[in-house]
Amino acid sequence: QVQLVESGGGLVQPGESLRLSCAASGNIFRLNVMGWYRQAPGKQRELVAEVTIGGRTNYADSVKGRFFISRDTPKSTVYLQMNNLKPEDTAVYYCNFGFIATQSYWGQGTQVTVSS
């Protein structure tokens, strides 16, 4: 069993920055990929960014050049640095840890609100 705990959300103005963190506890053997997703009201959950254990990253087009994902594998933690935030980035952000040959796990979600 794996537990994911997120932190770092909040209310910011357009153009400001936030950093989200997601720390895992439990058995992370066979961890393969760590990612961040988001879900805005009335919309489907979408991939924001992901990073493999090998360090390969993938970003949604809407956040390229503004958001940066990083990982601290010994600490079983993944981060999402979000710069130049826009109102359309407002959503609940969820981290996800994917494992080889077994299920993935989700964090509880953290609210990010970008508003003037």
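The values are calculated or read from the model by the stated rules, or taken from the named source; none is laboratory data. Source: prediction; values computed, not measured. Because the Cβ atoms are built from the backbone with ideal geometry, glycine has one as well, and the counts that use them run over all protein chains shown. Note: accessible area is taken over every heavy atom of the protein model, side chains too, but ligands, DNA and RNA are not part of it. Shrake-Rupley method; radii C 1.70, N 1.55, O 1.52, S 1.80 Å.
Yes/no per residue for (1) assigned to a loop (DSSP other than H, G, I, E, B); (2) among the hydroxyl-bearing types (Ser, Thr, Tyr); (3) open to solvent by 40 Å² or more (accessible area, probe 1.4 Å); (4) on the phi > 0 side of the Ramachandran plot:
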{"position": "Pro41", "(1), (2), (3), (4)": "yes, no, yes, no"}
{"position": "Glu50", "(1), (2), (3), (4)": "no, no, yes, no"}
{"position": "Ser62", "(1), (2), (3), (4)": "no, yes, yes, no"}
{"position": "Gly65", "(1), (2), (3), (4)": "yes, no, yes, yes"}
{"position": "Arg71", "(1), (2), (3), (4)": "no, no, yes, no"}
{"position": "Glu88", "(1), (2), (3), (4)": "no, no, yes, no"}
Residue check, Gly26 in contact (Cβ under 8 Å) with a residue 60 or more places away in the chain and within 17 Å of Gly107 (Cβ to Cβ): no
Residues within the range 90-111 that are within 15 Å of Gly9 (Cα to Cα), in a loop (DSSP other than H, G, I, E, B) and over 10 Å from the mean Cα position of the chain (by Cα), tallied: 2
Residue in the range 80-99 that is in contact with a strand residue (DSSP E or B) (Cβ under 9 Å, 6 or more places away or on another chain), under 15 Å from Val5 (Cα atoms), hydroxyl-bearing (Ser, Thr, Tyr) and modelled with pLDDT of 95 or more present: yes
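Residue-by-condition table, conditions (1) under 13 Å from the mean Cα position of the chain (by Cα); (2) closer than 19 Å to Gly109 by Cα:
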site: Asn58; (1), (2): yes, no
site: Gly65; (1), (2): no, no
site: Phe68; (1), (2): yes, yes
site: Thr73; (1), (2): no, no
The range 1-11, residues that are touching a Leu at 6+ places or on another chain (Cβ under 9 Å) and either part of a loop (DSSP other than H, G, I, E, B) or over 14 Å from Val92 (Cα atoms) (or both): Val2, Gly8, Gly9
